[in-house]
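Asker: Below you will find the structure I want to go over with you.
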Amino acid sequence: MAEEEEKLDESKDMSFWDHLEDLRHALFRVVIALLAAFVVLFFFKEFLFDKLILAPTRSDFFFYKWFGMSTGLQLVNIELSTQFMVHMRVTFMCAFIVCCPYVLFEIWKFIAPALYRHEKKATRRAFLFASFLFYLGIAVGYSIILPLMINFFDGYKVSQEVVNTISLNSYISTVNSTVIIFGIVFEVPTVVAILSSIGLLTRESLVGGWKYAVVAIAVLAAIITPADPFSMLIAAIPLALLYGLSILVCKPAEPEFEEAGVVEETSSAGGRK
């Protein structure tokens, strides 16, 4: 315990330039990790595109089989350098996804010296929880939301005389934004847990606001999916489960009667003196 407090004191005695130097080293390690992952993944082009990125464009994708859907999205390339640039963008996105736990670890390692022992345990759990939720959000965005969007927009036409010709660049932008957005959205329980730990949110407030949450989930589901009831329902289910998880990780409010009793006993003891 004394050693722990000594380390904490040493970290607090560090100057601004020492902290800046630590931050520079952390950023350098993150960049090296991203570059290493990028170089490795760059040579797995066939796997990344044929097995992962382009899989939702084919009718044999598991989501379409489960719900009896079909699609035959045909992608075209209309610019000379687009395929190479798309390869670079997708590889970097995948490298970031792979390195996300390490990035969070570097963030935690940078702030850990300024925390007390109990704060370190809570923060470590929060970062592990955040990594899990990030990957869960990516899985939901890729496996559920993206196929719904492809199936809807590929079959939607303002006129039968207008043929859908989807560019590779447009499709990749949709994949990147959908996957990353859901990875970020699924961090909501982590944010709730942090706000709860500092006393800004309670479980009772989330439970009491469930009606507003239902409206917010419906609006968000309508925004991120095509405007048909089936797609909205499929998207709303994981969002509703996410809200339920946020309630579970949120701390309950302190019972007011216990605090009042403590105050009353203290005042009575003072009166007896």
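Asker: With every atom except the alpha carbons ignored, what do you get for Rg and Dmax of segment 148-249, in angstroms?
Answerer: So, for segment 148-249, Rg and Dmax equal 17.4, 59 Å respectively.
Asker: Got a sec to turn the phi values of segment 163-170 into Karplus ³J(HN,Hα) couplings, 6.51 cos²θ - 1.76 cosθ + 1.60 with θ = phi - 60°, whole Hz, x for Gly and Pro?
Answerer: 8, 6, 10, 8, 7, 4, 5, 5
Asker: A follow-up question, please. Counting only other residues whose beta carbon sits under 13 Å from that of Thr174, what net charge do I get with K and R as +1, D and E as -1?
Answerer: Value of the local net charge: 0.
Asker: Related question: What's the ranking of 50-58, 131-139 by average number of surrounding C-beta atoms within 10 Å, highest first?
Answerer: 131-139, 50-58
Asker: Using θ = phi - 60° and the Karplus form 6.51 cos²θ - 1.76 cosθ + 1.60, what ³J(HN,Hα) does each residue of segment 48-64 get, whole Hz, x for Gly and Pro?
Answerer: 4, 8, 6, 8, 10, 5, 8, 4, x, 8, 10, 6, 7, 5, 4, 5, 5
Asker: In whole Å, what is the distance between the alpha-carbon centres of segment 185-213 and segment 43-93?
Answerer: Each part's Cα centre sits 37 Å from the other's.
Computed from the coordinates by the stated procedures, all read-outs in this text should not be read as laboratory data. Not measured: the values here are computed from a predicted model. Positions of Cβ are backbone-derived with ideal geometry, glycine not excepted, and every protein chain shown enters the neighbour counts.
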